[in-house]
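Right, one structure below, let's go through it.
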Amino acid sequence: MLRPPGDKSITHRALMLASLASGPCELSHVLTGADARSTARALRLLGASVGPLRPGRAVRVRGARWTAPARTLQCGNSGTTARLLLGLLAGHPFETRLTGDASLRRRPMRRVAEPLRAMGAEIREVHGDGLPLAIRGGRLRPISYESPLASAQVKSAVLLAGLVAGVEVTVREPACSRDHTERLLGHLGFDVRVRGATVTFRPPPASSAVPPFRLDIPADMSSATFLVVVAALAEGGELVLENVGVNPTRTGALDVLARMGVHIERRDARTVSGEPVADLVVRPGDLTGTEVTAAEVPRLIDEVPPLAVLASRARGETRFRAVGELRVKESDRLTLLARNLRAVGAEAAVDGDDLVVAGGAPPPVGRVETGRDHRIAMAFAVLGTAPGARVSLSETASPAVSYPAFFEDLHRIAADG
Ligand code: S3P
């Protein structure tokens, strides 16, 4: 029995909204990983009081009226920190500079800058489409934005800009991305309406703050998926994962795993802090390849690494359609997944924007270059638990970004299984 770490997406959003609240907030089961710390550090520089992020301890946040930070905000490895903060800063009348680590500086920011500029924010690039950036916000115009991407970060940046500026915003997406921002705003009593992949938010006037709140954060489905794959690769046994967030915008991997033959039962389905939660009971089954459709991708974009390593152990081919977005994650995951699967003796290829993994590989043996990407490192560490496997990683520090106790949990369940 194991509780995976707190949901990364919800942790960022909860810390950000709490840092604008009119009274003390308490957040339990937050992610304590490096990405969450990047958000907490930035919020402190903007004037909020954010307590330490420690495993097993609730975090207390006291919101404040944000003021110009004394230093550049260092967003580390965290795209969500940078993109959602840009949304919030778009409504603040001072200049802020943001940067990130080498991986984050390579990731596109215009996707967020474009709608925020259309609302009236000034955003200055230094080296083109990416960090560092300088933003000067202020009074904004309402917007009805047709997003070319199904991206929760783009959608959330616009919603959060609307909140701070007190202007109505509508975002229409080609497919529904994760909806944690809408849910949290709704949970706090704001007027958010969702119809299909369109969300309209009518915030109160700019001067009114977020009410103080307490939030219990579910365990992260994306982190849980690594453990589900460990259980699926085992020769028997059962794994129980507690309090896992099963928000339907995040459970695409569970559908794919079920199609591949993994037995996953949801127990005690409930709602916690406005989010669906359940315990997952996982047992291995005969694994077969599958096709992951383009329509499924937004609901499992972060889970492609663990699904791809599992696919190499299944019977028959697995094709992940239209996963080109993986090229601009913490690493070029599309290239790294195919290359590393080949490095451990499996057959895998990139075909346009598709990833194709042949099943039935011999036990994986070889060395993997993680690209310092937490999800690549964790996926291949998980593959290394397959019977007969011998997989070594180029580094083991990156999982601390989203799952600080990953290796402890991995050894625990591998030993139990
Ligand atoms: C996230 C949205 C997704 C996801 C990322 C977290 C979020 O990115 O890949 O890990 O918390 O909003 P996109 O919005 O770029 O799809």
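The values are calculated or read from the model by the stated rules, or taken from the named source; none is laboratory data. Remember, it's a predicted structure, so these values are computed and weren't measured experimentally. When we count neighbours, we look across all protein chains shown, and the Cβ atoms used for this are built from the backbone with ideal geometry, even at glycine. Surface areas here come from the heavy atoms of the whole protein model, side chains and all, with no ligands, DNA or RNA. Shrake-Rupley method; radii C 1.70, N 1.55, O 1.52, S 1.80 Å.
If we scan the stretch 356-375, do we find a residue that is more than 16 Å from the ligand (Cβ to nearest atom), on the phi > 0 side of the Ramachandran plot and open to solvent by 30 Å² or more (accessible area, probe 1.4 Å)? First the steps, then the outcome.
Quick first cut of the stretch 356-375, residues more than 16 Å from the ligand (Cβ to nearest atom) only: 356-370.
Okay, now just the ones that are also on the phi > 0 side of the Ramachandran plot, so 360, 366.
The next check asks that each one be open to solvent by 30 Å² or more (accessible area, probe 1.4 Å); those that pass are 360.
For the stretch 356-375, residues more than 16 Å from the ligand (Cβ to nearest atom), on the phi > 0 side of the Ramachandran plot and open to solvent by 30 Å² or more (accessible area, probe 1.4 Å): present.
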Review point. Does the stretch 160-193 hold any residues that are part of a loop (DSSP other than H, G, I, E, B) and β-branched (Val, Ile, Thr), and which are they?
Key: 167
Point to revise | One residue from 130, 87, 138 being farther than 23 Å from residue 11 by Cα and open to solvent by less than 10 Å² (accessible area, probe 1.4 Å) | key: 130
Study note, to complete from the structure: Across the stretch 102-127, the tally of residues that are surrounded by 18 or more Cβ atoms within 10 Å (Cβ to Cβ), free of Cβ contacts under 8 Å to residues at least 60 places away in the same chain and of a type in the set (D, E, K, R) stands at 1
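Can residue 400 be described as more than 27 Å from residue 106 (Cα to Cα) and at pLDDT 95 or above? Full working, then the answer.
On the way: more than 27 Å from residue 106 (Cα to Cα): no; at pLDDT 95 or above: yes.
Judged against the criteria, residue 400 is not a match.
Being part of a loop (DSSP other than H, G, I, E, B) and open to solvent by 30 Å² or more (accessible area, probe 1.4 Å) is the filter here, so list the residues in the stretch 229-272 that pass it. Quick ask: steps written out before the conclusion?
Keep residues of the stretch 229-272 that are part of a loop (DSSP other than H, G, I, E, B), which gives 234-238, 246-251, 260-262.
Passing the criteria: 234, 235, 236, 237, 238, 248.
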Check your understanding: Just to be sure, is residue 224 crowded, with 24+ Cβ neighbours inside 10 Å, touching a residue at least 12 places away in the same chain (Cβ under 8 Å) and under 28 Å from residue 296 (Cα atoms)?
Key -> yes
Point to revise | The one condition in (1) in contact with a Gly (Cβ under 7 Å, 6 or more places away or on another chain); (2) part of a helix (DSSP H, G or I) that residue 285 fails to fulfil | key: (2)
Practice item. Determine which single condition residue 88 fails, assuming it passes every other condition in (1) part of a loop (DSSP other than H, G, I, E, B); (2) away from the ligand (no atom under 13 Å from the Cβ). Key: (1)
Check your understanding: In the stretch 14-46, how many residues are under 19 Å from residue 245 (Cα atoms), open to solvent by less than 10 Å² (accessible area, probe 1.4 Å) and in contact (Cβ under 8 Å) with a residue 60 or more places away in the chain?
Key -> 5
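When the stretch 331-351 is examined, which residues are found to be assigned to a loop (DSSP other than H, G, I, E, B) and open to solvent by less than 50 Å² (accessible area, probe 1.4 Å)?
First, the residues of the stretch 331-351 that are assigned to a loop (DSSP other than H, G, I, E, B): 331-332, 344-347.
Those that are assigned to a loop (DSSP other than H, G, I, E, B) and open to solvent by less than 50 Å² (accessible area, probe 1.4 Å): 331, 344, 345, 346.
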Study note, to complete from the structure: Flagged pairs (Cβ under 6 angstrom, 6 or more apart or on separate chains; first in the stretch 66-95, among the β-branched types (Val, Ile, Thr); second away from the ligand (no atom under 12 Å from the Cβ) and assigned to a loop (DSSP other than H, G, I, E, B)) are 67/47; 81/75
Study note, to complete from the structure: Checked the stretch 1-48 for anything part of a helix (DSSP H, G or I) and charged (D, E, K, R); matches are 8, 13, 35, 37, 41, 44
**Study point:** Qualifying position, being within 16 Å of the ligand (Cβ to nearest atom), out of contact with any Leu (no Cβ under 9 Å at 6 or more places or on another chain) and of a type in the set (Val, Ile, Thr), among 112, 154
**Key:** 154
Exercise for review: Return a yes/no flag: does the stretch 158-167 have any residue that is under 22 Å from the mean Cα position of the chain (by Cα), modelled with pLDDT of 95 or more and open to solvent by 20 Å² or more (accessible area, probe 1.4 Å).
Suggested key: no
Check your understanding: Within the stretch 298-331, how many residues are closer than 18 Å to residue 360 by Cα and either hydroxyl-bearing (Ser, Thr, Tyr) or within 12 Å of the ligand (Cβ to nearest atom) (or both)?
Key -> 3
Point to revise | Among (1) more than 20 Å from the chain's Cα centre (by Cα); (2) closer than 26 Å to residue 179 by Cα - the single one residue 340 does not satisfy | key: (2)
